[in-house]
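Notes follow once the structure below has been shown.
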Amino acid sequence: MQDVSTLVARAREGAPRAVARLISLVEGASPQLREVMAALAPLTGNAYVVGLTGSPGVGKSTSTSALVSAYRRQGKRVGVLAVDPSSPFSGGALLGDRVRMSEHASDPGVYIRSMATRGHLGGLAWSAPQAIRVLDAAGCDVVLVETVGVGQSEVEIASQADTSVVLLAPGMGDGIQAAKAGILEIGDLYVVNKADRDGADATARELNHMLSLGESRAPGDWRPPIVKTVASRGEGVDEVVEALEKHRAWMEEHGALAERRLARAAREVETIAVTTLRERIGDLHGDRRLGTLAERIIGGELDPYRAADELVAGLTRG
């Protein structure tokens, strides 16, 4: 068993092994997880969480790496959660922590961690909210969350980030894909990467047109900007950072940042509660209570909804 207070203190000092151990406790749903979260709670709320999403091949990893460089030039500590597909054999992330961002591996001001989705839909690992909290408590000024790239399920990142960045690329049909996937509703900033390719201007115009058709914004509301980049060369990345800072300032001015974080915390509590109930229900297989309710349904005494109500009431009492 790890000494949680020591791990937290070491993580606050920037020790990468301590941060890694805390995130491993989170991913593994360790029995110490409650103790970890209790220790981290007073230390969080300072990091700016940026989510990056988009179809496979648009350059999310390259863009994330370029953003890390831009924030480091500003002297900010950066944490990166790169959510990868799960191995069907081990359940672990298929891609290594630093394979795609090796240039930052030796920088003590950067912490990069790959996390496996472990079958969780929506492009995020189920433990991502707690991992974000670890990086926040460890003193990261900015946490970049790069999703797995799963097409029409990408919208979940909007529920975890302060600002959601949607990446597109010319020649990939991303305009149509964006409309299908619903990501036109979740983006706070749109980036057309690989803008040195033919069709980049057309992609930006198409995106701008679709945003105009779908928007129902009042005067003063945030209108997502569109920025063109060539992340592999660092072109346009400073403009992305500038747009991110403008969005953060707008949210703080209008109270939107506090609202998003409040909603995020509420969803996290709900998820933990539902998971706890599901585990309890899973423990009931073979339990006489479940069998009795099933018999009453078959006998016409109960309908399934009333039976479920009785089951939930019994679980919450117990």
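A compact table of results
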{"read-out": "Odd one out for D162 among (1) open to solvent by 60 Å² or more (accessible area, probe 1.4 Å); (2) modelled with pLDDT of 85 or more; (3) closer than 24 Å to R264 by Cβ", "value": "(1)"}
{"read-out": "Any chance P129 is in a loop (DSSP other than H, G, I, E, B), touching a Lys or Arg at 6+ places or on another chain (Cβ under 9 Å) and either surrounded by 18 or more Cβ atoms within 10 Å (Cβ to Cβ) or modelled with pLDDT under 75 (or both)", "value": "no"}
{"read-out": "Wholly within the stretch 14-79, helices (runs of 4 or more DSSP H) carrying at least 1 residues that are among the hydroxyl-bearing types (S, T, Y)", "value": "16-27, 60-73"}
{"read-out": "Residue match in the stretch 33-47 (condition: touching a residue at least 40 places away in the same chain (Cβ under 8 Å) and closer than 20 Å to A105 by Cα)", "value": "no"}
{"read-out": "Single unsatisfied condition, E301 versus (1) in a helix (DSSP H, G or I); (2) open to solvent by 90 Å² or more (accessible area, probe 1.4 Å); (3) over 30 Å from L167 (Cβ atoms); (4) not aromatic (F, W, Y)", "value": "(1)"}
{"read-out": "Flag if A137 is more than 17 Å from V58 (Cα to Cα), surrounded by 21 or more Cβ atoms within 10 Å (Cβ to Cβ) and either touching a Ser or Thr at 6+ places or on another chain (Cβ under 6 Å) or modelled with pLDDT under 80 (or both)", "value": "yes"}
{"read-out": "Failed item in (1) without any contact (Cβ under 8 Å) to a residue 40 or more places away in the chain; (2) within 30 Å of P219 (Cβ to Cβ), with A308 passing the rest", "value": "(2)"}
{"read-out": "Residue match in the stretch 19-40 (condition: farther than 20 Å from Q160 by Cα, touching a strand residue (DSSP E or B) at 6+ places or on another chain (Cβ under 8 Å) and open to solvent by 60 Å² or more (accessible area, probe 1.4 Å))", "value": "no"}
{"read-out": "Top-ranked residue of the stretch 275-298 - restricted to ones that are of a type in the set (G, A, S) and loosely packed, with under 11 Cβ neighbours inside 10 Å, ranked as modelled with the lowest pLDDT", "value": "G286"}
{"read-out": "Flag for E268 being at negative phi, among the acidic types (D, E), at pLDDT below 95 and in contact with a Pro (Cβ under 9 Å, 6 or more places away or on another chain)", "value": "yes"}
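The values are calculated or read from the model by the stated rules, or taken from the named source; none is laboratory data. As the structure is a computational prediction, the values presented were derived from the model and not from experiment. When we count neighbours, we look across all protein chains shown, and the Cβ atoms used for this are built from the backbone with ideal geometry, even at glycine. What goes into the accessible areas is simple: the full protein's heavy atoms, side chains included, and nothing from ligands, DNA or RNA. Shrake-Rupley method; radii C 1.70, N 1.55, O 1.52, S 1.80 Å.
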